[in-house]
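Visitor: Quick one: this structure, given as structure tokens, is what I'll be asking you about.
Rule-based calculations on the coordinates, nothing more; no lab input. For clarity, every value in this text was computed on a predicted model and none was experimentally measured. Virtual Cβ from ideal backbone geometry, glycine too; neighbours counted across all protein chains shown.
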Amino acid sequence: MKRILFIAAIVLLSAQTHAQINTSSPQPVTITTVGGNPCQNPAAILNSVPVTTSGTTAVQVVALSGATKIYICSLTVIGQSGTTPTFSMVQGTGTNCATGQTVVVPAFATPANTLFSFATPVSAGAAGNALCYLQTGTTPVTKVQIAYVQQ
């Protein structure tokens, strides 16, 4: 019995020392998004834009880029001043999202010194649209930090 175990051990060690090593170049790996959320894809490029807003017309924050979508990964909004101010995010084409404008983040009141923090994923726009902020009220001023992926 000891002799059989000894022979089996030699055969096993011999097989391990003759294992082949693959020296060819690695094949490309396709990375898919985690649960369909591009914000959590380690290969995605996360961009961040700080904005101080004023006025009540839509203002472009992220330009459109061909057929890509803008995925808002995080959004932090701090109301600064104004009378009955609101803040929203819209998408569209043309100057300041004027053409085909649709809501991406619905309007919400932004009273002075109030922090609103939205976690990932916040929202995704349609392919081929720019991202803009839109405020209402009298002389609204807001500070905003947007992190996004565009793909």
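Visitor: With a point put 7 Å past each Cα toward its Cβ, work out how far Ser81 is from Ala112 in nm, to one decimal.
Guide: Here the answer is 0.8 nm between the modelled labels.
Visitor: May I have the pair-distance distribution P(r) for region 44-150, computed from all Cα-Cα distances with 5 Å bins from 0 and rounded to whole percent?
Guide: Per 5 Å bin, starting at 0, the Cα pair percentages come out as 3, 14, 25, 26, 19, 10, 3, 1.
Visitor: Oh, and also: Collect residues whose amide H, placed 1.01 Å from N in the peptide plane, falls under 5 Å from the amide H of Ala44; neighbours closer than 5 in sequence don't count.
Guide: Those qualifying (amide H under 5 Å, at least 5 residues apart or on another chain) number zero.
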